Amino acid sequence: MTNEIIAKFHDWWRQAKSDPSLKHKGAMCVSTIDELGFPNARFVDLKDATEAGFAFCTYLDSKKGTEIDRCQKVALTIWWECLGYQVRVQGRAARISRSMASMYWQSRNRDAQLTTLCSKQSQPLASASQLLDRLSALRVSYGDADIPMPENWGGYIVAPVSVEFLTFREDRLHVREHYLLIGSDWKRQLLQP
């Protein structure tokens, strides 16, 4: 991404992070395509945004992980309602390195690590109590010891080919600023609301 795009994104994200009314400051919708060609969308936690792209973590063998491995074209949507900002991204996802995944794993709180260990994301569940029992057993088993990162946990970085910044206006005359990667150059254009 160009410095201009990443700087604008970080300016907006900084504003979101400083807003005490916003609970999930990195909430980002990731849309993938399933084996039948249908889109699937779900929210994840945006870990970082760099010149390389937008990073998030997940189970690599989850539905989203298998869909990304099959079709790397994904869409991301971030909506900070308190600010009236929306960012839409289209790009190609690639797995992050194990060392980068490990860094993100260490940044998670202990409860999130234990929940990740006890869950087989996207797999059928007989009852909620089954999951709670597994979580309780893991808490006892690990005690105060470090929680290891599972082999099937990692993440993806989405290298954008299109980024749109939308500033919401009550009169619906939203400001839409679109960046499109053409070859190796980014082209900027305003779009009508």
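The values are calculated or read from the model by the stated rules, or taken from the named source; none is laboratory data. What you are looking at is a predicted structure, and each value in this text was computed from that prediction instead of being measured. Positions of Cβ are backbone-derived with ideal geometry, glycine not excepted, and every protein chain shown enters the neighbour counts. All accessible areas refer to the heavy atoms of the entire protein, side chains included, with ligands and DNA or RNA removed. Shrake-Rupley method; radii C 1.70, N 1.55, O 1.52, S 1.80 Å.
Couple of notes before you dig in:
- Residue check for HIS10: at pLDDT 95 or above and surrounded by fewer than 19 Cβ atoms within 10 Å (Cβ to Cβ): yes
- Among the candidates ARG92, ARG98, residue that is surrounded by fewer than 17 Cβ atoms within 10 Å (Cβ to Cβ), over 14 Å from the mean Cα position of the chain (by Cα), under 30 Å from THR2 (Cα atoms) and among the basic types (Lys, Arg): ARG98
- Checklist (1) farther than 27 Å from LEU191 by Cα; (2) out of contact with any His (no Cβ under 8 Å at 6 or more places or on another chain); (3) without any contact (Cβ under 8 Å) to a residue 60 or more places away in the chain applied to PRO39, failing item: (1)
- Positions within region 122-155 being open to solvent by 60 Å² or more (accessible area, probe 1.4 Å), in a loop (DSSP other than H, G, I, E, B) and at pLDDT below 90, in sequence order: SER122, GLN123, PRO124, LEU125, ALA126
- For region 41-79, the candidate set comprises residues that are outside any strand (DSSP E or B) and open to solvent by 50 Å² or more (accessible area, probe 1.4 Å); within that set, the residue that is nearest to GLU177 (Cα to Cα) is GLU51.
- Residue check, LEU117 among the aliphatic types (A, V, I, L, M), over 30 Å from ASP19 (Cβ atoms) and surrounded by 15 or more Cβ atoms within 10 Å (Cβ to Cβ): yes
- Residue in region 80-87 that is open to solvent by 10 Å² or more (accessible area, probe 1.4 Å) and over 19 Å from ALA27 (Cα atoms) present: no
- Among the residues making up region 130-183, those that are among the hydroxyl-bearing types (Ser, Thr, Tyr) and touching a Phe, Trp or Tyr at 6+ places or on another chain (Cβ under 8 Å) are TYR156, SER162, THR167, TYR179.
- Of the residues making up region 156-170, one or more are modelled with pLDDT under 95 and either closer than 24 Å to MET100 by Cβ or charged (D, E, K, R) (or both).
- Residue list for region 116-173, filter: aliphatic (A, V, I, L, M), touching a helix residue (DSSP H, G or I) at 6+ places or on another chain (Cβ under 6 Å) and under 30 Å from ASP185 (Cβ atoms): VAL163
- Among the residues of region 156-193, those that are open to solvent by less than 60 Å² (accessible area, probe 1.4 Å) and over 21 Å from ARG92 (Cα atoms) comprise LEU166, THR167, HIS174, VAL175, ARG176, LEU191.
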